[in-house]
Amino acid sequence: AKPYSVSFWVNPQTLANQRRLFCFGDNAGGAREMRIYGTAGRISTSAASSNLYATTTGNVLSVGTWAHVVVTFPGSTGSPPTIYVNASAAATSTGAGNPAAALSTSGLTIAAIPTSGTRSNFAHVYMCDFAVWDKALTPTEITEIYGITGKRVYLSETTCASNLLSWWRMGSDP
């Protein structure tokens, strides 16, 4: 599989366990996703049908507070994803497995999970600048898209803009 990254700003209104922040594919057949883990502010990302995952060991989200989240998937067997929050790598527990299938063959659902065409586990969050990148972003690139002041950056003007596959600006602002 090829490496990729997902970045977004999120402001949770509640921290309910297993609420999906995003999901590529269908939960019934091999989804790649990120979710709120527990009710204290941890997040987890995984590739279904694999032991490939990363879960923050500490609380990284707070109700009513904006956070910039990036997850990078290196695309190689045995290499777990890395989670960054506000441009810093988060401490995680990880599992190494087979990399997820290419993203180009699956749909994307934001703030919910699709299972056989039905959406559920809705995340009660504000989001903006949801972006998909065709590489595992570097720490320098993650710092750049986070912004010097921790505010929105025009992603198509960053040094990694040529790696930007999709970008949904959405309406909320950090």
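Structure summary
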{"quantity": "Residue within region 129-137 that is surrounded by 14 or more Cβ atoms within 10 Å (Cβ to Cβ), among the aliphatic types (A, V, I, L, M), in contact with a helix residue (DSSP H, G or I) (Cβ under 6 Å, 6 or more places away or on another chain) and modelled with pLDDT of 95 or more present", "calculated": "yes"}
{"quantity": "Looking only at region 140-171, and only at residues there that are open to solvent by less than 30 Å² (accessible area, probe 1.4 Å) and in a loop (DSSP other than H, G, I, E, B), the one that is nearest to TRP66 (Cα to Cα)", "calculated": "GLY150"}
{"quantity": "Any chance ALA96 is open to solvent by 50 Å² or more (accessible area, probe 1.4 Å), among the aliphatic types (A, V, I, L, M) and modelled with pLDDT of 90 or more", "calculated": "no"}
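The values are calculated or read from the model by the stated rules, or taken from the named source; none is laboratory data. Only a predicted model underlies this, so the values are computations on that prediction, with no experimental measurement involved. So basically every Cβ, Gly included, is an ideal-geometry build from the backbone, and we count neighbours across all protein chains shown. For the accessible areas, the whole protein counts, side chains as well, though only heavy atoms, and no ligand, DNA or RNA atoms are used. Shrake-Rupley method; radii C 1.70, N 1.55, O 1.52, S 1.80 Å.
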